[in-house]
1. Scan the range 149-189 residue by residue and report those that are outside any helix (DSSP H, G or I) and within 18 Å of the chain's Cα centre (by Cα).
2. Need pairs with beta-carbon distance below 9 Å; first residue touching a residue at least 40 places away in the same chain (Cβ under 8 Å) and within the range 24-40, second among the aromatic types (F, W, Y); sequence gap 6+ or separate chains.
3. Please enumerate the residues belonging to the range 41-97 that are over 16 Å from the mean Cα position of the chain (by Cα), under 27 Å from V121 (Cβ atoms) and of a type in the set (G, A, S).
4. Just the residues that are polar (S, T, N, Q) and buried (at least 16 other Cβ atoms within 10 Å of the Cβ), please, taken from the range 37-65.
5. With the requirement that a residue be in contact with a Phe, Trp or Tyr (Cβ under 8 Å, 6 or more places away or on another chain) and either near the ligand (Cβ under 8 Å from one of its atoms) or not in a helix (DSSP H, G or I) (or both), what does the range 89-105 give you?
6. Could you go through the range 45-61 and let me know if any residue there is touching a Leu at 6+ places or on another chain (Cβ under 8 Å), more than 10 Å from the ligand (Cβ to nearest atom), in contact (Cβ under 8 Å) with a residue 24 or more places away in the chain and closer than 20 Å to A95 by Cβ.
7. Taking the range 12-33, which residues are more than 8 Å from the ligand (Cβ to nearest atom) and in contact with a helix residue (DSSP H, G or I) (Cβ under 9 Å, 6 or more places away or on another chain)?
8. Can you find a residue that is charged (D, E, K, R) and either away from the ligand (no atom under 15 Å from the Cβ) or modelled with pLDDT of 95 or more (or both) anywhere in the range 128-144?
Amino acid sequence: MRLILLGPPGAGKGTQAKILIDAFGIPQLSTGDILRSAIAAKTPMGLAAKEIMDRGDLVSDEIVNGIVSERLDQDDCRAGFVLDGFPRTIPQAEALDTMLKTKGMALDAVLELTADPDVLVGRIAKRAKESGAVRADDNEDVLRNRLAVYREQTAPLVSYYRGKGMLKSVDGTQPVDVVSAAIRSVLGR
Ligand code: ADP
């Protein structure tokens with residue numbers, strides 16, 4: 001099962017990715033998590049990404065395309081994967097198409113989690129409070145920027161994948177178990 005999870009920040013991609021990896025025994029490929037590990041390890045890539053991420057802007061396509069291409073070559077991705085947070089721009093989606101073709105892999109579906117921006121601001125404010133703001137990008141100003149970046153750069157992917165007949169949309173504002181049941185249902189699994 002090869003899947004992309006698409007949706008605005010706070011729509012529940014990470015939560016649903018974890019449920020899917022348990023259900024299908026496939027890894028979650030989160031570019032956000034990989035970048036945060038690079039920051040924690042103070043690698044050159046992490047140092048370059050930190051300020052950009054703290055502002056809620058996007059790291060360059062070149063960096064994230066490289067991360068994903070390398071990750072897809074690891075053994076555990078042979079059984080499939082859930083891409084969470086990638087692609088986030090049309091050029092990333094085009095790079096992914098090429099990568100998958102080269103690697104002889106085909107996507108099964110692109111799952112869009114939909115959510116109203118007001119719900120998202122509330123959810124992330126709650127996450128920041130509960131976690132003691134561990135993530136520098138979980139504050140309201142940065143979140144508003146991340147939502148704007150989503151609208152401008154990532155939302156066009158919805159039409160991109162709809163045009164390829166791959167898009168399946170699920171209302172991400174429902175309770176977690178209702179969302180995961182809806183995902184299983186649209187996947188027919
Ligand atoms: P969330 O799941 O809350 O939407 P992520 O953890 O996926 O957030 O991403 C956090 C930050 O990491 C983004 O705001 C961005 O700066 C960077 N990032 C993650 N994935 C990508 C990507 N595919 N392209 C560019 N930047 C990315």
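1. Correct list: A155, M166, L167, K168, S169, V170, D171, G172, T173.
2. I26/F81; P27/F81; Q28/F81; L29/F81; L29/F86; S30/F86; T31/F86; G32/F86
3. A49
4. N65
5. Correct list: Q92 only.
6. No: zero hits.
7. G12, T15, Q16, I19, L20, A23, F24, G25, I26, P27, Q28, L29
8. yes
The values are calculated or read from the model by the stated rules, or taken from the named source; none is laboratory data. Here the structure is a predicted model, which is why all the values come from computation and not from measurement. Cβ coordinates were reconstructed from backbone atoms using ideal geometry, including for glycine residues, and neighbour counts include every protein chain displayed.
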